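Beneath this line is the structure, given in structure tokens, with notes to follow.
The values are calculated or read from the model by the stated rules, or taken from the named source; none is laboratory data. The shown structure was predicted, so the numbers you read here are calculated from the model rather than taken from an experiment. No Cβ is skipped: glycine too gets one built from the backbone with ideal geometry, and neighbour counts run over all protein chains shown.
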Amino acid sequence: MLTLYYTPGACSMAAHIVLEESGEKYETKKVDLAAGEQRTEAYLKINPLGRVPALLLDNGEPLAENTAEPGFFSQEGVQLVLQQPEV
Ligand SMILES: N[C@@H](CCC(=O)N[C@@H](CS)C(=O)NCC(=O)O)C(=O)O
């Protein structure tokens, strides 16, 4: 299963939206930026850039940039069609 490392209110929200819209199964893990969790040895193994978001793929590889995610899903054959919500 995919794992999204994110922080509420941070730019990882973009990755979270794309992931949700993809329909793929995923779990989330919160990273406490204020406490410096992004600089811990454990997190740097997931994302050596020390930032959120990081999307851990099924093969153990991380995607570390928001902009990488749509390309990944496109390669996987997942169509992302974002629609304007009806108001
Ligand atoms: N270009 C990156 C930017 C990632 C980024 O700057 N993340 C910030 C949160 S919005 C972060 O993790 N900052 C923690 C730090 O710099 O220590 C992306 O779009 O994924």
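Which of the residues that make up region 59-68 are loosely packed, with under 11 Cβ neighbours inside 10 Å and more than 9 Å from the ligand (Cβ to nearest atom)?
Passing the criteria: N59, G60, E61.
Exactly one of (1) at positive phi; (2) touching a residue at least 24 places away in the same chain (Cβ under 8 Å) is unmet by E69. Its number?
Every listed condition holds for E69 apart from (1).
Determine whether region 69-85 contains at least one residue that is buried (at least 17 other Cβ atoms within 10 Å of the Cβ), within 11 Å of the ligand (Cβ to nearest atom) and in a strand (DSSP E or B).
The answer is no, given that none of the residues of region 69-85 is buried (at least 17 other Cβ atoms within 10 Å of the Cβ), within 11 Å of the ligand (Cβ to nearest atom) and in a strand (DSSP E or B).
Of these, E86, E24, which one is modelled with pLDDT of 90 or more and either of a type in the set (D, E, K, R) or under 11 Å from the mean Cα position of the chain (by Cα) (or both)?
Within the list E86, E24, the selection yields E24.
Could you please find all residues in region 1-58 being within 12 Å of the ligand (Cβ to nearest atom), farther than 17 Å from F72 by Cα, part of a helix (DSSP H, G or I) and not aliphatic (A, V, I, L, M)?
Passing the criteria: E37, Q38, R39, Y43.
Please indicate, with yes or no, whether at least one residue in region 29-49 is free of Cβ contacts under 8 Å to residues at least 60 places away in the same chain, under 14 Å from A14 (Cβ atoms) and of a type outside the set (V, I, T).
no
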